[in-house]
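In what follows, a structure is listed as structure tokens, so that the remarks can point back to it.
The values are calculated or read from the model by the stated rules, or taken from the named source; none is laboratory data. Only a predicted model underlies this, so the values are computations on that prediction, with no experimental measurement involved. Every residue, glycine among them, receives a Cβ derived from its backbone with ideal geometry; neighbour counts consider all protein chains shown.
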Amino acid sequence: MSSGYDPEKESEKSVDRDTEDQRRPFERDRDRILYSREFRRLKDVTQVARAGESYLYHDRLTHSLKVAQVGRRLAELLEKFYDAEFENLDNYLDPEVVETASLAHDIGHPPFGHEIEELLDDKVREKSGEDGVEENFEDTEGDGRNGEEGETNRDHDSEEQDESKIQGFEGNAQSFRAVTRLGSHRSGIEGIDLTRATLNAIQKYPWSR
């Protein structure tokens, strides 16, 4: 499978486009999210409310649609009323991108809110640590000796374990993984082929955790 986009172009995608498709690249992004399996799955995830809160039942799909509507309106208001205060605002604010990122903002998040996200993170890190210990001390030959090849393999395993220790689980990163690796829009292509601008916006936060 192939994936990727030109980092120099915000609207670049990884596959050729139908010349008869008159949609803007960011409009295609929005449509891709709406019709993706990953977005539809949000229908089965309850939007958690605080105990005792008088709130109509929401699933994560309904929540995401509402967030997208609010996000788009805010972007449009900024363009309409604050363009003079921000130089070249149109160059880095697009309501379509804001709406699309809002639709996708919960795609990788687990049920029951951030507490479960933290629990999953702890469990993944714990499991990664256990696997690392088992692999370090495994004697596949049964003779207790460590040859040159064994040393090389152990060094390689150690590097992989070091990487796994800092990964864990994080919902925002899982959202990115869902749209770039797990989902598929076309046979032979990993991900749903979004623009760089939309992928950047989906990340939401300027830090990893």
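Can residue 28 be described as surrounded by 10 or more Cβ atoms within 10 Å (Cβ to Cβ), at pLDDT below 90 and out of contact with any Pro (no Cβ under 8 Å at 6 or more places or on another chain)?
no
Considering only residues of the range 186-201 that are farther than 12 Å from residue 30 by Cβ and within 11 Å of the chain's Cα centre (by Cα), which is surrounded by the most Cβ atoms within 10 Å (Cβ to Cβ)?
It comes out as 191.
Conditions (1) farther than 17 Å from residue 202 by Cα; (2) modelled with pLDDT of 90 or more; (3) not assigned by TED's automatic domain parsing to the domain that holds residue 181, marked per residue:
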{"site": "7", "(1), (2), (3)": "no, no, no"}
{"site": "22", "(1), (2), (3)": "yes, no, no"}
{"site": "92", "(1), (2), (3)": "no, no, no"}
{"site": "96", "(1), (2), (3)": "no, yes, no"}
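Looking at the range 79-96, can you tell me whether even one residue there is surrounded by 13 or more Cβ atoms within 10 Å (Cβ to Cβ), of a type in the set (Ser, Thr, Tyr) and in a helix (DSSP H, G or I)?
The answer is no; no qualifying residue exists.
Only one of (1) at pLDDT 90 or above; (2) under 20 Å from the mean Cα position of the chain (by Cα); (3) among the small types (Gly, Ala, Ser) fails for residue 2. Which number is that?
(1)
So which residues in the range 101-124 are of a type in the set (Gly, Ala, Ser) and either buried (at least 17 other Cβ atoms within 10 Å of the Cβ) or in contact with a helix residue (DSSP H, G or I) (Cβ under 7 Å, 6 or more places away or on another chain) (or both)?
101, 102, 104, 108
Just give me the residues in the range 176-197 being over 14 Å from residue 107 (Cα atoms) and modelled with pLDDT of 85 or more, in sequence order.
193, 194, 195, 196, 197, listed by residue number.
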